[in-house]
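Read the structure below first, then the notes.
The values are calculated or read from the model by the stated rules, or taken from the named source; none is laboratory data. Computed from a predicted structure; not experimentally measured. Note that we place each Cβ from the backbone using ideal geometry, even for glycine, and neighbour counts take in every protein chain shown.
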Amino acid sequence: MPQETANKPAHEIKFGAVKVTIWQNETKHGPRFNTVLARLYKNGDGKWQTTDSLGRDDLLAAAMALQRAFEWVHQAEENARVQDAPSRWCGGPPPNY
């Protein structure tokens, strides 16, 4: 029986009840990233649920989580460029500008 593997996020950032999930997709041009913003809450049965609705008290946490997500994605893209750089520069290190 084949085992199915679930896709896992590249990264998650949480501030209080707010969570940003970062997904990575490989393309011929390198990795591309998408993000999902959600607020976590417990329903009446005590089970964790998510919603995309934010209250006033969630806004600052969402802004901070999104800023961290932006920084993480920017660094991940930079790391991918650096790893790819030697092949673009004929096997040598990239020039130091």
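Tell me, which residue of segment 41-65 that is of a type outside the set (A, V, I, L, M, F, W, C) and not in a loop (DSSP other than H, G, I, E, B) is surrounded by the fewest Cβ atoms within 10 Å (Cβ to Cβ)? It would help to see each step written out before you state the result.
So the first thing to find is which residues in segment 41-65 are of a type outside the set (A, V, I, L, M, F, W, C), and the list is 41-47, 49-53, 55-58.
Right, trim to not in a loop (DSSP other than H, G, I, E, B) and you get 41-42, 49-51, 56-58.
Details: Y41: 12, K42: 10, Q49: 12, T50: 14, T51: 11, R56: 6, D57: 10, D58: 18.
Checking each candidate, the answer is R56.
Return the total of residues in segment 40-97 being touching a helix residue (DSSP H, G or I) at 6+ places or on another chain (Cβ under 8 Å), modelled with pLDDT of 95 or more and of a type in the set (G, A, S).
Residues flagged as touching a helix residue (DSSP H, G or I) at 6+ places or on another chain (Cβ under 8 Å), modelled with pLDDT of 95 or more and of a type in the set (G, A, S) within segment 40-97 amount to 0.
Determine the pairs where a residue that is without any contact (Cβ under 8 Å) to a residue 60 or more places away in the chain and within 14 Å of A63 (Cβ to Cβ), located within segment 8-23, has a partner that is among the basic types (K, R) and surrounded by fewer than 18 Cβ atoms within 10 Å (Cβ to Cβ) with Cβ atoms under 7 Å apart, the partner being 6 or more residues away or on another chain.
As it stands, the answer is I13/R68, since those pairs meet every condition given.
Given (1) part of a helix (DSSP H, G or I); (2) among the charged types (D, E, K, R); (3) in contact with a strand residue (DSSP E or B) (Cβ under 7 Å, 6 or more places away or on another chain); (4) over 16 Å from P9 (Cβ atoms), where does R68 come up short, assuming only one miss?
Unmet for R68, out of (1) part of a helix (DSSP H, G or I); (2) among the charged types (D, E, K, R); (3) in contact with a strand residue (DSSP E or B) (Cβ under 7 Å, 6 or more places away or on another chain); (4) over 16 Å from P9 (Cβ atoms): (4).
Somewhere in segment 25-33, is a residue within 22 Å of D84 (Cα to Cα), among the β-branched types (V, I, T), in a strand (DSSP E or B) and modelled with pLDDT under 95?
Yes, that holds for at least one residue.
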